[in-house]
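The values are calculated or read from the model by the stated rules, or taken from the named source; none is laboratory data. This is a predicted model, so every value here is computed, not measured. Positions of Cβ are backbone-derived with ideal geometry, glycine not excepted, and every protein chain shown enters the neighbour counts. Accessible surface is based on the protein model in full, side chains and every heavy atom, while ligands, DNA and RNA are left aside. Shrake-Rupley method; radii C 1.70, N 1.55, O 1.52, S 1.80 Å.
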Amino acid sequence: TSIMTDAPLIPGKNLLLSAIIAAKNGMDLVEALKAVTINPAESIGIGDRVGSIEPGKDGDLAIFSGHPLKVKSVVEKVLINGEIVYRR
């Protein structure tokens, strides 16, 4: 299962919110997170490069104060190309 936002109709910035809504409606938290990360990457054939945190993969990283799909979690840091571009 993959979750998408149908951008530009629904902006990509709402992707995480879509996963939160899926989890609130019964989807397992881990499966909801996979639905916006590794599952879509594998669906389009780029799971070997992106979609999960593994050595050798491309990607940017957001570090949260708690589980990313918990509403009270906040972004603590954002890394792009290995450089911190945001720190709370």
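Mind checking which of I84, V30, V50 is farthest towards the positive end of the chain's charge dipole, using Cβ charges of +1 (Lys, Arg) and -1 (Asp, Glu) about the Cα centre?
Going by the Cα projections, it comes out as I84.
With all protein chains present, how much of the accessible area of the chain (probe radius 1.4 Å) comes from carbon and sulfur, to the nearest whole percent?
Values: 3570 of 6260 Å².
Taking all protein chains in place, the chain shows 57 percent carbon and sulfur surface.
For the chain, what is the relative contact order in percent, using Cα pairs closer than 8 Å and at least 6 residues apart in sequence?
19 percent
For the chain, what does -39500 (n - 2.57) per DSSP helix run (n ≥ 4), summed and divided by total residues, give at 222 nm, in deg cm²/dmol to the nearest 500?
Working: 3 runs with 22 residues, N = 88.
Only helices count here, giving -6500 deg cm²/dmol.
Calculate the dipole size of segment 1-71 relative to its Cα centre from +1 charges on Lys and Arg beta carbons and -1 charges on Asp and Glu beta carbons; express the result in debye to the nearest 20.
It works out to roughly 240 debye.
Would you pull out the residues with amide H under 5 Å of F64's amide H, same chain only if 5 or more places away, H placed 1.01 Å from N?
Placed amide hydrogens put E76 under 5 Å from F64.
Can you compute 3J(HN,Hα) from phi for each residue in segment 18-32, using the Karplus curve 6.51 cos²θ - 1.76 cosθ + 1.60 with θ = phi - 60°, rounded to whole Hz and x for Gly and Pro?
4, 5, 4, 5, 4, 5, 5, 9, x, 6, 4, 4, 5, 5, 5
Where in segment 60-88 does the label zone of K13 land, with the point 7 angstrom along Cα→C-beta and an amide N cut-off under 14 Å?
none
Kindly provide the Kirkwood hydrodynamic radius of the chain in Å, to one decimal, from all pairs of distinct alpha carbon atoms. Mind dumping the intermediate values first?
Working: mean 1/r = 0.0724 Å⁻¹.
Final number for the Kirkwood radius of the chain is 13.8 Å.
Given a 1.4 angstrom probe, what's the average accessible area per residue across the chain, in square angstrom?
On a per-residue basis, 71 Å².
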